[in-house]
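Here's the structure, in C-alpha cells; my notes come after.
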C-alpha cells in the first residue's frame, strides 16, 4: 500500500487503478451487460448446497471416481448433479418425474425429462456458466448459476 | 450515465429493471472482477466464464441486496470463490500422476490477502476519482495518461492556463483524499498480511 498522503505516490496508485479499468476487455463488458437479460424477479431459487470441487483432497482423483458433484436446494426440492466428461447426470429429490432444463447464455435451453425416480441425463454439456430449471407437477425452481 | 451517480441510486434503478443503471454498475465494478480473476491465473476462457458467472449471480442477488455499500465486498468475495471452485473443478478433471507430489496438494488459495486488499484499494481509488467534479477528474486522467500528455496540450484541451495545472492537481488530489472512499482506505485498520504504512 502506498502512502496516499504523498501526491506522487497517490498519482502512481491512481495510475494503477486506472490501468486496471482500461484492461477490461469489451468481450467481458458485453457479457456482463447481457447478464441483465437473465433477470427474473419471480424465479424461485435453489441455492448451491454442496460442490465437491471444494472438498479437501478434491485434487486427488483415481480412475472410477465420480465427477464433480453439485447439489442445489430450495423450496421443497433438491437437485443432485454429477458433472462427468461431457455429460451431466442427476436426480431430482424427492424422487419424482420432472422436466429439467439446462440454461446457458447464448444458447437455446435444453430440456430433458427426469424419470419417475427423478433421474435424468444431459449429454454434451460443455464448459461455461449454466443453471438448471426444474419443473415438477407442483413447482418450478431455478438453481443458482455455476461455472462448469 | 454520470459516473458519480450514487451506488444506492444505481442499485435501486437496476432492481426496477433499468439496463442503463445495470451497465453503470458493470462499468464501476468490472475492473474489480477482472483484477481478482487475473490474480488467480485462470485461462482467458475460464476467466471469461467466471466473470460472466459473477454477473449472472449478481442479477439474482440484486433484489435481495439490502445494503448497497456491501456490494464491492460481495463482488470480490464471489469472484474469488468462483475462481477457486473452477480451479478445483479443472484439477479434478485432469488425471493426476501419483508420483508427482505437487499435483496431489489440495487446492490452495495462493492469492495472498495483501494482494486482494490492493485490488480493493484500487477499486476505492476509482470510485473516489468518479466522485470528483468532471473538470478535476479529466485533469487527473490527462496527467495519468501513458504516454504523458504535455502540459501545453492539457492547457489547450481543458482551456486552463499552464500555470494553473500544478495547483489544480494538488487541489484535486486533496479533494480525492477527502472522499469517503479514500478516507476509509487511509483510516482502515491493519489487515493480516496487508501492510499499511
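Each value in this text was obtained by applying a stated rule to the coordinates, not by laboratory testing. None of these values were measured; they are calculated from a predicted model. Every residue, glycine among them, receives a Cβ derived from its backbone with ideal geometry; neighbour counts consider all protein chains shown.
Assorted remarks:
- Entry note, the range B:1-96: relative contact order of 32 percent, from Cα contacts under 8 Å with a spacing of 6+ residues.
- Value of relative contact order over the range A:100-148, rounded to a whole percent, pairs C-alpha under 8 Å and six or more apart: 35 percent
- Volume per residue of the convex hull around the Cα atoms, evaluated for the range B:1-96, comes out as 97 Å³.
- Part-to-part distance (alpha-carbon centres) for the range B:116-139 and the range A:80-148, which is given in Å: 42 Å
- Shape of the range A:42-147, Cα gyration tensor, a/c cut at 1.5: prolate
- Test item: A:36-49 mean partner chain Cβ contacts at 10 Å: 3
- Straightening the chain between residue B:18 and residue B:152 buys 44.1 nm, computed as 0.36 nm per residue apart minus the Cα-Cα spacing.
- Only Cα pairs under 8 Å and 6+ residues apart enter the sum, and on that basis the relative contact order of chain A stands at 18 percent.
- Taking the Kirkwood radius as Rh and the Cα radius of gyration as Rg, the protein assembly as shown has a ratio of Rg/Rh equal to 1.04.
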